[in-house]
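Shown next, in structure tokens, is the structure this report addresses.
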Amino acid sequence: MQREVAIIGGGAAGMMAAIVASRNGAKVVIYERMNRVGKKLLATGNGRCNITNIGLSESNLKCIHGSNKKFAGGILKKFTVDETINFFEILGIAHKVENDGKVFPMSDQASSVLDVLRYELDKLSIEVICDIEIDKIKQSKQEFILIDSNGVEYKADKVIIATGGMSSPNLGSNGSGYKLARNLGHSVVNPFPALVQLKLEAPFLKSIKGIKFNGAASVILDGNILRREEGELLFTEYGISGPPILQLSRNAVEALENKQQPIIEIDMFPNFTYEELLNLISLRLSYQYDRPLDFSFIGLINKRLIPIILKVSNIYDLNRACLEISNKEIEKIVSLLKAWQFDIIGSQSWMHSQVTAGGVDLKEICPDTLQSKIIPGIYFAGELLDVDGDCGGFNLQWAWSSGYVAGNEASM
């Protein structure tokens, strides 16, 4: 008899699992709570879909996070970056590699990726049921019964849960998979938002919101630098944003989850050493000795930042002539420009986060098949599991790889 595989969730992992299972001869049904599959996929890579990253491999997992990197590495080995690229090339997605190994469709359209996936679903006669939320899963003899929010029942021989985490709930991930997992007896590592903007403690944020600059940011905990990233930073009325902030946000939010106090340190001149910047500013002040101090920084830093920088450096008379500024005061200004520290007090909401850290505990999942150790016949894939990655295609590669493994194993 043809094996019936139910897939809960029609995101990247769910669609990959469906295609693989169907190619293996299974009868596949996708149950999707949104009005169409793949909505979150359309938002990835700023609408361009960062399919994968050529820098990711089983031996290079520095951009993958969670409780067990070895577990993640084993799954990524079963469906590699090269296999992912080939999979999409065959479906019709010509690719290109950009900075930092990011792989995009040559069309620069995430919709292209979704189009070919949906075409393949149709070609394989995979049934897709949208606007449905599966609330419960029950085991009955040799099959499973899925019960939706209206009490309607559906049957399957195997079930793959690929509902995503809690990030971007407007695109489909509302945390419902955690409830399903817990009801099946699984533990869930406390989820928290990652790849998200950070909230800072500072009284002047509203006055500097919107200011952008290229700099470096570090997350510091108990005097130790957890991570440092460089790039475009953006002050906001709640704190700080920009690609570097998203990359290091996981470290910051994880510390907060553990009731610790992380600090973010901003280097506004990462291309200068402290001594080089000190010499530069000292020279500027000597050239402009008769000018007001605040005016002397015009052309060096954003004008709206100047009064804030000076006041935080304990210089309150902004109109003092440059020649009246002592060496110690200059050193304070330079220290601030190179290492401006803020207490991190939180992050933006799930709606603004790109990925969920935490998830279904990997200790309860078979590392070779992604099958539940608690209930055979139940499989997990994608962001629902306690695996997450940096920006740059790493999370989508995890979705493709885990979806492939779950779909393959559930249909064998």
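The values are calculated or read from the model by the stated rules, or taken from the named source; none is laboratory data. Note that the coordinates shown come from a computational prediction; the quantities given were computed from them, not determined experimentally. When we count neighbours, we look across all protein chains shown, and the Cβ atoms used for this are built from the backbone with ideal geometry, even at glycine. The accessibility values were calculated without ligands, DNA or RNA, using every heavy atom of the protein model including side chains. Shrake-Rupley method; radii C 1.70, N 1.55, O 1.52, S 1.80 Å.
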Subset tally (residues that are in contact (Cβ under 8 Å) with a residue 40 or more places away in the chain, surrounded by fewer than 19 Cβ atoms within 10 Å (Cβ to Cβ), over 20 Å from the mean Cα position of the chain (by Cα) and part of a loop (DSSP other than H, G, I, E, B)) for the stretch 46-79
0
Going through the stretch 132-154 one residue at a time, which ones are open to solvent by less than 40 Å² (accessible area, probe 1.4 Å), closer than 22 Å to G175 by Cβ and in a strand (DSSP E or B)?
I134, I137, F144, L146, I147, D148
Being on the phi < 0 side of the Ramachandran plot, modelled with pLDDT of 95 or more and acidic (D, E), is that true of even one residue in the stretch 277-293?
no
Against the definition (under 25 Å from the mean Cα position of the chain (by Cα), aliphatic (A, V, I, L, M), surrounded by 18 or more Cβ atoms within 10 Å (Cβ to Cβ) and not in a loop (DSSP other than H, G, I, E, B)), how does I333 come out, yes or no?
no
Conditions (1) more than 30 Å from I64 (Cβ to Cβ); (2) modelled with pLDDT under 95; (3) part of a loop (DSSP other than H, G, I, E, B); number of the one not met by M412:
(1)
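Residues that are under 30 Å from I345 (Cα atoms): find the helices (runs of 4 or more DSSP H) completely inside the stretch 245-328 holding 3 or more of those.
306-312
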May I ask you to list pairs of residues, at least six apart or on different chains, whose Cβ atoms are under 6 Å apart, with the first in the stretch 18-29 being at pLDDT 95 or above and part of a helix (DSSP H, G or I) and the second being among the polar types (S, T, N, Q) and open to solvent by less than 20 Å² (accessible area, probe 1.4 Å)?
A21/S411
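Which one of L280, L234 is free of Cβ contacts under 8 Å to residues at least 24 places away in the same chain and either of a type in the set (D, E) or out of contact with any Asp or Glu (no Cβ under 9 Å at 6 or more places or on another chain) (or both)?
None of the others qualify; the one that does is L280.
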For the condition among the small types (G, A, S), in contact with a helix residue (DSSP H, G or I) (Cβ under 9 Å, 6 or more places away or on another chain) and not in a loop (DSSP other than H, G, I, E, B), what is the one hit in G165, G177, G185?
G177
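Residue by residue through the stretch 366-380, note down the ones that are touching a residue at least 60 places away in the same chain (Cβ under 8 Å) and either surrounded by fewer than 24 Cβ atoms within 10 Å (Cβ to Cβ) or under 14 Å from G73 (Cα atoms) (or both).
Listed by number, the residues that qualify are P367, D368, L370, S372, I374, I375, G377.
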Any chance you could count how many residues in the stretch 80-110 are of a type in the set (S, T, N, Q), open to solvent by 10 Å² or more (accessible area, probe 1.4 Å) and under 20 Å from K123 (Cα atoms)?
1
Applying the selection to the stretch 300-318, what residues are over 20 Å from K328 (Cα atoms), touching a residue at least 12 places away in the same chain (Cβ under 8 Å) and open to solvent by 80 Å² or more (accessible area, probe 1.4 Å)?
R304
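Being under 13 Å from the mean Cα position of the chain (by Cα) and either open to solvent by less than 10 Å² (accessible area, probe 1.4 Å) or acidic (D, E) (or both) is true for just one of L248, L198, L180. Which residue is that?
Details: L198 fails: under 13 Å from the mean Cα position of the chain (by Cα); L180 fails: under 13 Å from the mean Cα position of the chain (by Cα).
Only one candidate qualifies: L248.
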